[in-house]
């Protein structure tokens, strides 16, 4: 125990005397907490500009244009007389789509014939494409439903009967776990979990690389390498436990994430996640020859970790061998587990597999870190 406490104290001194490590382990965690969510705060892309080519110039076409402009997702930026002019505006980035109202639309509708309108969408930016398609489809669909209901009412039906005949089986949808259907609620919580992992790994790797630069062996304690590993692990887990409380208890509430979370369940699940990340960092950090190498190498792993965690890419689309290999990263189990707890109100039993995987990783990385520290503490190895 004395060796563990000595290692803990020495590690705290090293961190707070190293401005670079302090910037990553404390400063970056705090800055990212408020900087990263800012671009996603609008949640949903709205009021995408579209260009209208009205060749009909009728009361019905003007009504459709007003309905399109009133939709939340799109806005009528301009009305132009020719399709070529509208195409030029889309190519220049001034609009995300084109609505073409053909000549004779109102005449066809009055005759009871099927009328059509054209939509040309910018598919080079999928989010813009989706919003414009949804906005134009809903606006034209609403107009079409109104015309059909008016026709049925003219045949003697009541308003309720006409609505029932027009849509006999309405579909009622309720978005679960993301009521706003927003991008921030979807992407920010898991990325904040990844930030905890990556800053912790980079910070530990930077400190390990500093030891290699000055030719220093892993400091021995009165109880040997195992006590050194445990003491350092206690320090880093304690430091990042404070960060986790700040993220999940403060940042999540500021931005409205995780309204269903259970504090005790989240604490129990986060403990092996932070422990496994710390022990992995201690094992890997002793292998970097320079502090810059740790930053370059570990920063590169951030994007693969996002995809392998299967929140931004479906796990069914990932090769089975890669899904198995991805389990060596704590984020692969940590991110989906924390998401289920914070966003879906999952109990510990419902994330049991991920929880036990993190404990298994903690045990494996403890043995690995102990072996690496034993090797590093041998005479002549520190300078190699």
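The values are calculated or read from the model by the stated rules, or taken from the named source; none is laboratory data. Quick caveat: nothing in here was measured; it's all calculated off a predicted structure. Cβ sites come from the backbone with ideal geometry, for glycine too, and all protein chains shown count toward neighbours.
For segment 319-334, does any single residue satisfy the condition of being closer than 23 Å to residue 176 by Cβ and either in the same structural domain as residue 275 (by TED's automatic domain parsing) or surrounded by 17 or more Cβ atoms within 10 Å (Cβ to Cβ) (or both)? First the steps, then the outcome.
Taking segment 319-334 first, the residues closer than 23 Å to residue 176 by Cβ are 333-334.
Add one more test, that the residue is either in the same structural domain as residue 275 (by TED's automatic domain parsing) or surrounded by 17 or more Cβ atoms within 10 Å (Cβ to Cβ) (or both), and what stays is 333-334.
Yes - at least one qualifying residue is present in segment 319-334.
Residue 343 versus (1) over 17 Å from residue 189 (Cβ atoms); (2) assigned to a helix (DSSP H, G or I); (3) at pLDDT below 85: which is the lone unmet condition?
All conditions are met except number (1).
Among the residues that make up segment 246-257, is at least one of them modelled with pLDDT under 90, over 36 Å from the mean Cα position of the chain (by Cα) and surrounded by 14 or more Cβ atoms within 10 Å (Cβ to Cβ)?
No: segment 246-257 contains no residue that is modelled with pLDDT under 90, over 36 Å from the mean Cα position of the chain (by Cα) and surrounded by 14 or more Cβ atoms within 10 Å (Cβ to Cβ).
Have a look at 200, 207, 226 and point out the one that is at pLDDT below 90, buried (at least 22 other Cβ atoms within 10 Å of the Cβ) and either in contact with a helix residue (DSSP H, G or I) (Cβ under 8 Å, 6 or more places away or on another chain) or not assigned by TED's automatic domain parsing to the domain that holds residue 13 (or both).
Details: 200 fails: at pLDDT below 90; 226 fails: buried (at least 22 other Cβ atoms within 10 Å of the Cβ).
Just a single option satisfies the conditions, and that option is 207.
Within segment 99-171, which helices (runs of 4 or more DSSP H) (wholly inside it) include 1 or more residues that are at pLDDT below 85, touching a strand residue (DSSP E or B) at 6+ places or on another chain (Cβ under 8 Å) and over 25 Å from residue 73 (Cα atoms)? First the steps, then the outcome.
Numbers: elements: 105-110, 126-154, 159-166.
Output list is empty.
For residue 62, work out the one condition from (1) free of Cβ contacts under 8 Å to residues at least 24 places away in the same chain; (2) buried (at least 18 other Cβ atoms within 10 Å of the Cβ) it doesn't fulfil.
Residue 62 satisfies every listed condition except (2).
Conditions first: (1) surrounded by 17 or more Cβ atoms within 10 Å (Cβ to Cβ); (2) in contact with a helix residue (DSSP H, G or I) (Cβ under 7 Å, 6 or more places away or on another chain); (3) assigned to a helix (DSSP H, G or I). Residue 271 passes all but one, so which condition is the exception?
Condition not satisfied by residue 271: (2).
Looking only at helices (runs of 4 or more DSSP H) that lie completely in segment 1-57, which have at least 2 residues being surrounded by fewer than 20 Cβ atoms within 10 Å (Cβ to Cβ), touching a residue at least 60 places away in the same chain (Cβ under 8 Å) and within 18 Å of the chain's Cα centre (by Cα)?
On the way: elements: 2-16, 19-22, 29-35.
Fully inside segment 1-57 and qualifying: 29-35.
Can you tell me which residue among 220, 305, 309 is modelled with pLDDT of 80 or more and farther than 23 Å from residue 347 by Cα?
Values: 220 fails: modelled with pLDDT of 80 or more; 309 fails: farther than 23 Å from residue 347 by Cα.
Testing whether each residue is modelled with pLDDT of 80 or more and farther than 23 Å from residue 347 by Cα leaves just 305.
So, residue 323, is that one farther than 24 Å from residue 353 by Cβ and out of contact with any strand residue (DSSP E or B) (no Cβ under 8 Å at 6 or more places or on another chain) or not?
Numbers: farther than 24 Å from residue 353 by Cβ: no; out of contact with any strand residue (DSSP E or B) (no Cβ under 8 Å at 6 or more places or on another chain): yes.
Criteria not met by residue 323.
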